[in-house]
Amino acid sequence: MNRKTLVLPAVIGLLAPVLAACGGSDSGSDSDGSIVVGTTDRFTASKDAPAPLDPAYAYDVGSWNILRQTVQTLMIQPKGEGDPVPEAAQSCDFTDSGNERYACKLRDGLKFANGDAITAEDVKFSIDRARALKADSGVFALLSTIDTVETQGDNEVIFHLKTADATFPFKLSTPVAGIVDPDDYEKDKLRDGFDVDGSGPYTMSAEVKNDELVDAVFTKNPNYKGTLKVNNDKISLRSFEDADAMGAALDKGDINVMTRTMSPEQIDKLTNATNSDIDIVETAGLEIRYLGFDTNAPTVKSKAVRQAMAQLINRSELVSKVYGSQAEPLFSMVPASITGHSNAFFNKYGDPSVTKAKAMLSQANITTPVKLTLHYTTDHYGPATKQEFEVLQKQLNDSGLFDVSIEGAPWSTFRSAEQKGDYDVYGMGWFPDFPDADNYLAPFLDKDNTIGSPYVNSEIRNTLIPESRREADRISAATSLTDIQDIVAADVPVLPLWQGKQYVAARDDVTGTAYALNSSSTLQLWELGRGVSG
């Protein structure tokens, strides 16, 4: 069948889905008729991370995609992108001219899934709990601008901020601000395991094998009150070991939809197919990949080593060899489609140059070749990650200035090792908490940053980040944001690599796939439904 193009309303140029490879066939599902969605995200409870789905701990795209179905937040990012809108709240607004007092009124009749009424005290409990627990995932830092949380009656919550924060409404749309029942969540202890309770559009039951969640079954919550229209009664999120296994399940009809993360080869095959009963949806995404550094580690403590790597890495070649048209080179931690982006790394380093990199190392009296190990995760960012690091290894080694080895580990051990500072250089991805430049800078540069980086720049932390957050009009924050990006390019505490698109593949009797992922890679299972095969 001919390619079909569906263009949806877009904000800041983020969303323009393309559907391809359309045919006609009945699709499989669970015996109860639920829609089955595949993912390669892995959900493991371990000694180092025993509470993977507690909103006060969870801080990766996979676990957040479970929480967003089940735990309600005061605000939510709207279907068509843009500024967040009230969800558990009926209204939220700054009530002062300085963006330091934010008040929310709850919807009438709001209830947890078990039928218990939700009050302002429950919201305060949930927010204060996450702030007080200070989980080592670092997710609590999203709430760091809160000074105190006040309640007025049963239906009003007032947030008093330490400093102006125009991005605060976005932060209240993230799962760390999810409303939990004090009867189910202890105030001073994380909730171990895979039980999740809230007031979101679904309840969830988990099938667990060997401390790993393999199937999350979401059932429509009859007590849900919010802005979302839920287009199905039951949906299953099934975890697969790899993209090949997930793709085979879609081909056989064992699942109806597959999401992140497909391989580049699978995406190319589905995009180019002309007679198939599987559609593929492509949207412009805000996912980025980058290298992180332990700037206290002897191997990369010298800024010159990190600068030399920035000078040598050929992003265009990396993207071309590994991801093709599915990604674009990135020269800042802020993606090109986000207000405030600048090509800071290209402005600083220009095209890759061995001569320039050699001069940087020589001037700093660095003996070459510099011996390094690049660490990556084998099962979290897709099957092409190993190939990506092989290309990076070759680029650096071919310069004669580096002697690089690469080492992969599963996410369950990789993430905890990275947080503990076991890696000098490591590859990470970032799926934004919300689509604002602040969320590509502060999480890596501010106090309590998500990667545990020891890098400190007082101008960024004390002046530029607070300065940028004072501007409700984000275009007006561009000067501060550009200054931050320029400092990052000069000091290289992190090294951006590429910005990716995102994809959903589904059998063609499944509707709503164009909205199944938003620009922040939020899985919106409530959008999926059953339709007529095309």
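The values are calculated or read from the model by the stated rules, or taken from the named source; none is laboratory data. In this text the structure is predicted, and so the values were computed from the model without any measurement. Reconstructed Cβ throughout: ideal geometry from the backbone, glycine too, with neighbour counts over all protein chains shown. For the accessible areas, the whole protein counts, side chains as well, though only heavy atoms, and no ligand, DNA or RNA atoms are used. Shrake-Rupley method; radii C 1.70, N 1.55, O 1.52, S 1.80 Å.
Among the residues of segment 379-405, those that are modelled with pLDDT under 95 and not aromatic (Phe, Trp, Tyr) comprise Asp379, His380, Gly382, Pro383, Ala384.
Looking at segment 360-381 only, could you name the residues that are within 28 Å of Thr259 (Cα to Cα), among the β-branched types (Val, Ile, Thr) and open to solvent by less than 40 Å² (accessible area, probe 1.4 Å)?
Scanning segment 360-381 gives a single hit, Thr377.
Taking the criterion of being part of a loop (DSSP other than H, G, I, E, B) and open to solvent by 10 Å² or more (accessible area, probe 1.4 Å), the residues of segment 77-89 that qualify are Gln77, Pro78, Lys79, Gly80, Glu81, Gly82, Asp83, Pro84.
Taken together, Ile278, Ile313, Ile288 contain a single residue that is of a type in the set (A, V, I, L, M) and either on the phi > 0 side of the Ramachandran plot or touching a Cys at 6+ places or on another chain (Cβ under 9 Å) (or both), which is Ile278.
Condition first: in a helix (DSSP H, G or I) and crowded, with 21+ Cβ neighbours inside 10 Å. Can you find one or more residues in segment 271-280 that meet it? Scanning segment 271-280, I find no residue that is in a helix (DSSP H, G or I) and crowded, with 21+ Cβ neighbours inside 10 Å, so the answer is no.
Being without any contact (Cβ under 8 Å) to a residue 12 or more places away in the chain, of a type outside the set (Lys, Arg) and open to solvent by 10 Å² or more (accessible area, probe 1.4 Å) holds for only one residue in Glu207, Glu156, and it is Glu207. Would you confirm whether or not segment 461-470 contains a residue that is open to solvent by 50 Å² or more (accessible area, probe 1.4 Å), within 15 Å of Thr145 (Cβ to Cβ) and assigned to a loop (DSSP other than H, G, I, E, B)? Yes, segment 461-470 contains at least one residue that is open to solvent by 50 Å² or more (accessible area, probe 1.4 Å), within 15 Å of Thr145 (Cβ to Cβ) and assigned to a loop (DSSP other than H, G, I, E, B).
None of Ala357, Ala327 is touching a helix residue (DSSP H, G or I) at 6+ places or on another chain (Cβ under 9 Å) and closer than 30 Å to Ile475 by Cα except Ala327.
For every residue, the table says whether it meets (1) farther than 21 Å from Val196 by Cα; (2) in a loop (DSSP other than H, G, I, E, B); (3) open to solvent by less than 50 Å² (accessible area, probe 1.4 Å).
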site	(1), (2), (3)
Val214	no, no, yes
Ser236	no, no, yes
Ala245	yes, no, yes
Asp251	yes, no, no
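Taken as a whole, the structure leaves Thr299 outside the set of residues that are part of a strand (DSSP E or B) and polar (S, T, N, Q).
To keep it simple, each residue is scored yes or no on (1) at pLDDT below 90; (2) among the hydrophobic types (A, V, I, L, M, F, W, C); (3) within 24 Å of the chain's Cα centre (by Cα); (4) crowded, with 18+ Cβ neighbours inside 10 Å.
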site: Val7; (1), (2), (3), (4): yes, yes, yes, no
site: Ala20; (1), (2), (3), (4): yes, yes, no, yes
site: Ser31; (1), (2), (3), (4): yes, no, no, no
site: Phe43; (1), (2), (3), (4): no, yes, yes, yes
site: Pro50; (1), (2), (3), (4): no, no, yes, no
site: Ala56; (1), (2), (3), (4): no, yes, yes, yes
site: Thr70; (1), (2), (3), (4): no, no, yes, yes
site: Met75; (1), (2), (3), (4): no, yes, yes, yes
site: Ser91; (1), (2), (3), (4): no, no, no, no
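Answer yes or no: is there a residue in segment 507-514 that is among the β-branched types (Val, Ile, Thr) and either out of contact with any Asp or Glu (no Cβ under 9 Å at 6 or more places or on another chain) or in a loop (DSSP other than H, G, I, E, B) (or both). Even if it seems obvious, please write down each step before you answer.
First pass over segment 507-514, keeping only residues among the β-branched types (Val, Ile, Thr): 510-511, 513.
Now drop any that are not either out of contact with any Asp or Glu (no Cβ under 9 Å at 6 or more places or on another chain) or in a loop (DSSP other than H, G, I, E, B) (or both), which leaves none.
No.
Looking across segment 77-89, just one residue is within 17 Å of the chain's Cα centre (by Cα) and under 21 Å from Leu161 (Cα atoms), and that is Pro84. Output the residues belonging to segment 382-427 that are assigned to a loop (DSSP other than H, G, I, E, B) and open to solvent by less than 40 Å² (accessible area, probe 1.4 Å). The answer is Gly382, Ala384, Ser399, Leu401, Gly421, Tyr423. The single residue among Asp422, Asp403 that is free of Cβ contacts under 8 Å to residues at least 40 places away in the same chain, in contact with a strand residue (DSSP E or B) (Cβ under 6 Å, 6 or more places away or on another chain) and over 27 Å from Thr522 (Cβ atoms) turns out to be Asp403. Scanning segment 111-128 for residues that are crowded, with 18+ Cβ neighbours inside 10 Å, touching a strand residue (DSSP E or B) at 6+ places or on another chain (Cβ under 7 Å) and more than 17 Å from Ile158 (Cβ to Cβ) turns up just one, Ala113. Select from segment 318-359 the residues that are of a type in the set (Asp, Glu), exposed (fewer than 15 other Cβ atoms within 10 Å of the Cβ) and not in a loop (DSSP other than H, G, I, E, B) and list them in ascending order. Result: no residue meets the conditions. Answer yes or no as to whether Leu528 is closer than 23 Å to Asp41 by Cβ, in contact (Cβ under 8 Å) with a residue 24 or more places away in the chain and open to solvent by 10 Å² or more (accessible area, probe 1.4 Å). For Leu528, the condition - closer than 23 Å to Asp41 by Cβ, in contact (Cβ under 8 Å) with a residue 24 or more places away in the chain and open to solvent by 10 Å² or more (accessible area, probe 1.4 Å) - is not met. Among residues that are of a type outside the set (A, V, I, L, M), outside any helix (DSSP H, G or I) and either at pLDDT below 95 or open to solvent by less than 20 Å² (accessible area, probe 1.4 Å) (or both), Ser476 is not included.
When Asp294 is tested against (1) more than 20 Å from the chain's Cα centre (by Cα); (2) open to solvent by less than 10 Å² (accessible area, probe 1.4 Å), only condition (2) is not met.
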